[in-house]
Amino acid sequence: MPIEELKTAIKRAAKKLFDSEIEPQLSRPEEKFGDYAANAALQLAKSSSKAPHEIARALADELKDLPGVAQISIAGPGFINIRLEDSTLFNAATGAVQSSKPLAGQEVLVEFGDPNPFKEMHIGHLYSYIVGDAIASLLENQGADVKRLSYHGDVGRHVAMAIYGLRHMEQAEGDRDYLGAAYSYGYERFDQDPQAKTEIEKINQSVYSRDDPAINETHERGVKLSFEYFDKILNKLSISNDKRYFESQATPVGMKMVEENVGKVFIRSQGAVVYEGEKAGLHTRVFITSKNLPTYETKDLGLVKLKDRDFPEAARSIVITANEQTEYFKVMLAALKEIDTGLAKKTVHLSHGFVNLSTGKMSSRTGDVYAAGDLISEVEQAVRTAFPESEPDSQTALAALKYDFLKPRLGGNITFDVNESISLEGNSGPYIQYAHARAASILAKAKNGSESRIQNPELDPAERSLARKISEYPEVLQKASDELMPHHICTYLYELAQGFNRFYETSRIIGDEREQLRLSLTRSYQQVLKSGLGILNIAAPNHL
């Protein structure tokens, strides 16, 4: 019985018995108490003169004959514990991957990754790409039409620094770190040489105005080289992109939005245009500098407008960035709310922490970054060393990397340890891949590969425990999608794999008189693992 059917039945009973409208909340209690626990009695007690336990008893009597329910009991101050019939639980398990599509018909934009041309794609970008892709897949699983977007800074001082470096340093264009080295060179000269600083500022103006053909040519060449390299990494990760936006596109749109709202949303102050964020409980930020150059805030206003132009039917626009931009986004969205309430309402900022490596290497402002490609290569080498017979090793390496990035709750900083990520004995991507391969091996050994329909099964305790865990999958997907938190899937897959291991230790499958029933559970288990890994963009191999 799907959880929504239970909620509907409880809601109907509350209306019938107490003339109250509630939104029932169901949780999964310890197995000994049942399959679901409802706190409807506690909800109703707030508006009723009756005690929660009395309300719970009345609700239990009303629900006791509900199809698919085997037993209802009352616990504590008024919790209603519900135990499903074995056949209902078994059917829920075997149909776990056939989830509903509550977001069907909705278009959702998800922006993530966002490496800037002329700079290295570092491990922070890698983290954003992996997280953003998983969130996009989650929403797609729930039926949404997701557009994967990215936004790239092709104008600004960092570009001017890189162009300066390309003009003055001696390095062959074929070198992999050609552009990154140029940026580092320009960054250092900007701080140390007043003449270089002046030239970089002039280049910056020309990049915006596009009034210098030589600078334009260098700029276009640098952007092209950057994305050729970025795409090699994204192709390796199997991460796609529906549309890329650039700051050079967003800048004029954002400038117009700000200028049209001076005196209404923005004010002029010391030659600059600012937003007084204090009126929204925030802080004042500059949107156009005294040199008439846009800040990131203005460019992001333009980006919001561009997205709305290209995808006017989008129900949500989710922007994923590092959490250092959280306060900045609050101010930008507050200004946007005064300009266009509808656009602000559907724009959601989701932040993540930084990636630290157990070796201590991480990204820095100077261009001395730990590159995304280098980390992928490091994990691949670790896999080759640990599993010399594994083919292809990149499949295992990418599973290790993606899963380790996704398993912590989004928001805080994470520390990535290569050796832990490839372990087959802990909560890792390769461990889940191995669990899937093991299930595939069991199914391959079955004499009768076809699936027999099991009618009205009676489950023993081990079978029931496994079926119960498998049946949770749609609820996990719903929660992960609602919260935009893919770590819920990782936690569930690990717990599920551990549960199957316990089942396999005590319950013979091949050759047992209950073989067909247990094969059905094993097949459902494998399907759920494959589905969950697929949402995480991790391969589900049949052997490792």
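Return yes when SER128 is crowded, with 19+ Cβ neighbours inside 10 Å, of a type in the set (Ser, Thr, Tyr) and either farther than 23 Å from ILE22 by Cα or touching a residue at least 24 places away in the same chain (Cβ under 8 Å) (or both) and no when it is not. Yes, satisfied. Among the residues of segment 28-46, is there at least one that is hydroxyl-bearing (Ser, Thr, Tyr) and part of a helix (DSSP H, G or I)? Within segment 28-46, not a single residue is hydroxyl-bearing (Ser, Thr, Tyr) and part of a helix (DSSP H, G or I).
Residue pairs whose Cβ atoms lie under 6 Å apart, separated by 6 or more positions or on different chains, with the first residue in segment 335-351 and on the phi < 0 side of the Ramachandran plot and the second among the small types (Gly, Ala, Ser), are LEU336/ALA344; LYS337/ALA344; LYS346/SER317; THR347/SER317.
Here is a yes/no grid of residues against (1) within 22 Å of SER87 (Cα to Cα); (2) aromatic (Phe, Trp, Tyr); (3) at pLDDT below 95:
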{"site": "LYS447", "(1), (2), (3)": "no, no, yes"}
{"site": "ILE454", "(1), (2), (3)": "yes, no, yes"}
{"site": "PRO457", "(1), (2), (3)": "yes, no, yes"}
{"site": "LYS469", "(1), (2), (3)": "yes, no, no"}
{"site": "HIS487", "(1), (2), (3)": "no, no, no"}
{"site": "TYR492", "(1), (2), (3)": "no, yes, no"}
{"site": "GLY499", "(1), (2), (3)": "yes, no, no"}
{"site": "LEU536", "(1), (2), (3)": "no, no, no"}
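The rows are residues; the columns are (1) part of a helix (DSSP H, G or I); (2) at pLDDT 95 or above.
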{"residue": "PHE287", "(1), (2)": "no, yes"}
{"residue": "ASN292", "(1), (2)": "no, no"}
{"residue": "LYS305", "(1), (2)": "yes, yes"}
{"residue": "PRO312", "(1), (2)": "no, yes"}
{"residue": "ILE318", "(1), (2)": "no, yes"}
{"residue": "GLU327", "(1), (2)": "yes, no"}
{"residue": "ALA335", "(1), (2)": "yes, yes"}
{"residue": "ALA344", "(1), (2)": "yes, yes"}
{"residue": "VAL348", "(1), (2)": "no, yes"}
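Of the helices (runs of 4 or more DSSP H) lying entirely inside segment 368-444, those containing at least 1 residues that are in contact with a Cys (Cβ under 8 Å, 6 or more places away or on another chain) and not small (Gly, Ala, Ser) span 393-406. Within the option set ASN261, ASN323, being within 31 Å of the chain's Cα centre (by Cα) and either surrounded by 15 or more Cβ atoms within 10 Å (Cβ to Cβ) or among the hydroxyl-bearing types (Ser, Thr, Tyr) (or both) holds for one residue only, ASN323. Taking the condition part of a helix (DSSP H, G or I), within 18 Å of the chain's Cα centre (by Cα) and closer than 30 Å to PHE387 by Cβ, does ALA497 pass? Taking the combined requirement at face value, the residue does not satisfy it. Scanning segment 486-523 for residues that are small (Gly, Ala, Ser) and under 26 Å from ALA400 (Cβ atoms) yields ALA497, GLY499. Is there a residue being modelled with pLDDT under 90 and under 23 Å from LEU496 (Cβ atoms) anywhere in segment 77-98? Looking through segment 77-98, at least one residue is modelled with pLDDT under 90 and under 23 Å from LEU496 (Cβ atoms). Scanning segment 73-85 for residues that are buried (at least 21 other Cβ atoms within 10 Å of the Cβ) and among the hydrophobic types (A, V, I, L, M, F, W, C) yields PHE79, ILE80, ILE82, LEU84. Checked against the criterion of being surrounded by fewer than 23 Cβ atoms within 10 Å (Cβ to Cβ), more than 16 Å from the chain's Cα centre (by Cα), modelled with pLDDT of 95 or more and not aromatic (Phe, Trp, Tyr), the candidates ALA400, ALA437, ALA382 yield just one match: ALA437. Here's a check for you: in segment 500-509, which residue that is in a helix (DSSP H, G or I) and buried (at least 17 other Cβ atoms within 10 Å of the Cβ) is nearest to the chain's Cα centre (by Cα)? Among residues in segment 500-509 that are in a helix (DSSP H, G or I) and buried (at least 17 other Cβ atoms within 10 Å of the Cβ), the one nearest to the chain's Cα centre (by Cα) is PHE500.
The values are calculated or read from the model by the stated rules, or taken from the named source; none is laboratory data. Bear in mind that the values here come from a model prediction, so they are computed numbers and not experimental data. Quick reminder, even Gly has a Cβ in these numbers, built from the backbone with ideal geometry, and neighbours come from all protein chains shown.
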